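Asker: Have a look at the structure that comes next, please.
The values are calculated or read from the model by the stated rules, or taken from the named source; none is laboratory data. The shown structure was predicted, so the numbers you read here are calculated from the model rather than taken from an experiment. Glycine gets a Cβ as well: all are built from the backbone with ideal geometry, and neighbour counts include every protein chain shown. We work out accessible area using only protein heavy atoms, side chains counted, and drop any ligands, DNA or RNA first. Shrake-Rupley method; radii C 1.70, N 1.55, O 1.52, S 1.80 Å.
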Amino acid sequence: MDFNMKKLASDAGIFFTRAVQFTEEKFGQAEKTELDANFENLLARADSTKNWTEKILRQTEVLLQPNPSARVEEFLYEKLDRKVPSRVTNGELLAQYMAEAASELGPTTPYGKTLIKVAEAEKRLGAAERDFIHMASINFLTPLRNFLEGDWKTISKERRLLQNRRLDLDACKARLKKAKAAEAKATTVPDFQETRPRNYILSASASATLDDTSCPPSWAEWKETYPGGWRPPCFFLLPLNPSVTRARGCLSLPKDRKLWNDEVDKAEQELRVAQTEFDRQAEVTRLLLEGISSTHVNHLRCLHEFVESQTTYYAQCYRHMLDLQKQLGSSQGAIFPGTFVGTTEPASPPLSSTSPTTTAATMPVGPSVAGLAPPGEAALRLEEVAPPASGTRKARVLYDYEAADSSELALLADELITVYSLPGMDPDWLIGERGNKKGKVPVTYLELLS
């Protein structure tokens, strides 16, 4: 390891200078270089983007995986750069339990048959949930993590460098200010503390004595020169003009002022270097902060993909549960003859202001089609069904609907069809007609018109 003591001391000095500047700024004892308003807005926008991205990311993870232990396990696998093991979804686990229960209780019994059908539906729901989690993780969670762990770390690093450059710049400004103040003070203070004029010089024997002090004589020379012993020299002052003063080495400016002149020049040079580094770092940071706009565009695209995957997931769930409801309805009609298949409440919230139950009750009622229980028979008899004498109603289709069998009528969004009800029908369904075609249609896909 290359240990450089000079570099270590230099870094420690810089750190100490920044710490002093930062502390004085906090206590209001030092001036601080303020950034422009546009730069401050970019900083605030970046901080807000980071904070909300973290919150959205955490809550989306909770939505996709409600189990906190499982989330911690996935986090550890991700940090260790290992593949997360496949985990059974709750729907798939429920389907497994129902299948095992049907096998043990008897798959030929009505209860066992129903358990098997529900288990198959729950298994399909679990598979759809797995696909949704996978797509949401790739299209939504991964881009958010990449921003926080990549772009944001780069922005944070450059912001810290900008903060250091600003502290260095302000420290240089404070140093220059102090140097100029000391220079101005040195201009007004004389060179010596004595009262004699500055441009006077010691003369006669004092001058000779002072000149000889640069090379002191030996003891023998001293005794020979002063045989009677040492006598104090006589001092008297002579005024000198500036040319004589400079010739004898006496400066017209104080010595301290010359030193502070050098200090001011050095401080100004350091200030120019610090200002250049600060401007360069500010420009780099500004470019990164302006890139937040492109980050918003990318997150917007990912959000659209997340909504698409969620819409697909819920549509699959609805379709699977609708199929299961039909299967259970037909089997329930065979197990409990004479009972009406359906619930008093709609399977999903009504899309129109009028509830399906109320609508079905007020719809014109036509002749019964044997309860429409067996799908095969219903498909055959549906051609013979005529609209009721009390009349029909018009309805606008809200969403596309694909017919599950021949007894149903496929729908296209925004088209108008004629609908009516039959005695004994499930209140969630109506008979729809479009031209020569006729079939059952779900009420939740319709908006009944007056």
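Asker: Please find, within region 82-100, the residue that is least open to solvent (accessible area, probe 1.4 Å) out of those that are within 8 Å of GLY126 (Cα to Cα) and part of a helix (DSSP H, G or I).
Answerer: Across region 82-100, the extreme among qualifying residues is GLY91.
Asker: Given the structure, is THR49 among the hydroxyl-bearing types (Ser, Thr, Tyr), closer than 22 Å to GLU74 by Cβ, open to solvent by less than 50 Å² (accessible area, probe 1.4 Å) and modelled with pLDDT of 90 or more?
Answerer: Details: among the hydroxyl-bearing types (Ser, Thr, Tyr): yes; closer than 22 Å to GLU74 by Cβ: no; open to solvent by less than 50 Å² (accessible area, probe 1.4 Å): yes; modelled with pLDDT of 90 or more: yes.
No: the conditions fail for THR49.
Asker: Go through region 410-450 and report how many residues are crowded, with 21+ Cβ neighbours inside 10 Å and assigned to a loop (DSSP other than H, G, I, E, B).
Answerer: Residues in region 410-450 being crowded, with 21+ Cβ neighbours inside 10 Å and assigned to a loop (DSSP other than H, G, I, E, B): 5 in total.
Asker: Hey, another quick one. Confirm whether GLY112 is touching a Gly at 6+ places or on another chain (Cβ under 9 Å), farther than 30 Å from HIS134 by Cβ and open to solvent by less than 50 Å² (accessible area, probe 1.4 Å). Spell out the reasoning first.
Answerer: Details: touching a Gly at 6+ places or on another chain (Cβ under 9 Å): yes; farther than 30 Å from HIS134 by Cβ: yes; open to solvent by less than 50 Å² (accessible area, probe 1.4 Å): yes.
It is true that GLY112 is touching a Gly at 6+ places or on another chain (Cβ under 9 Å), farther than 30 Å from HIS134 by Cβ and open to solvent by less than 50 Å² (accessible area, probe 1.4 Å).
Asker: I've got another one for you. Are any residues in region 283-293 open to solvent by 60 Å² or more (accessible area, probe 1.4 Å) and within 13 Å of the chain's Cα centre (by Cα), and if so, which ones?
Answerer: none
Asker: Find all pairs meeting these conditions: Cβ atoms under 6 angstrom apart; at least six residues apart or on different chains; first residue within region 20-41 and in contact (Cβ under 8 Å) with a residue 24 or more places away in the chain; second residue open to solvent by 50 Å² or more (accessible area, probe 1.4 Å) and in a loop (DSSP other than H, G, I, E, B).
Answerer: GLU25/LYS32
Asker: Right, GLU122: surrounded by 16 or more Cβ atoms within 10 Å (Cβ to Cβ) and touching a residue at least 12 places away in the same chain (Cβ under 8 Å) or not?
Answerer: Values: surrounded by 16 or more Cβ atoms within 10 Å (Cβ to Cβ): yes; touching a residue at least 12 places away in the same chain (Cβ under 8 Å): yes.
So GLU122 passes the test.
Asker: Assess whether ALA70 counts as being farther than 16 Å from ARG145 by Cβ and at pLDDT 80 or above.
Answerer: Spelling it out, it is not the case that ALA70 is farther than 16 Å from ARG145 by Cβ and at pLDDT 80 or above.
Asker: List the number of the failed condition for GLN193; all other conditions in (1) modelled with pLDDT of 90 or more; (2) more than 21 Å from GLU54 (Cα to Cα) hold.
Answerer: For GLN193, the failing item is (1).
Asker: Restricting to region 391-433, name every residue that is modelled with pLDDT of 90 or more and basic (Lys, Arg).
Answerer: Matches in region 391-433: LYS394, ARG396.
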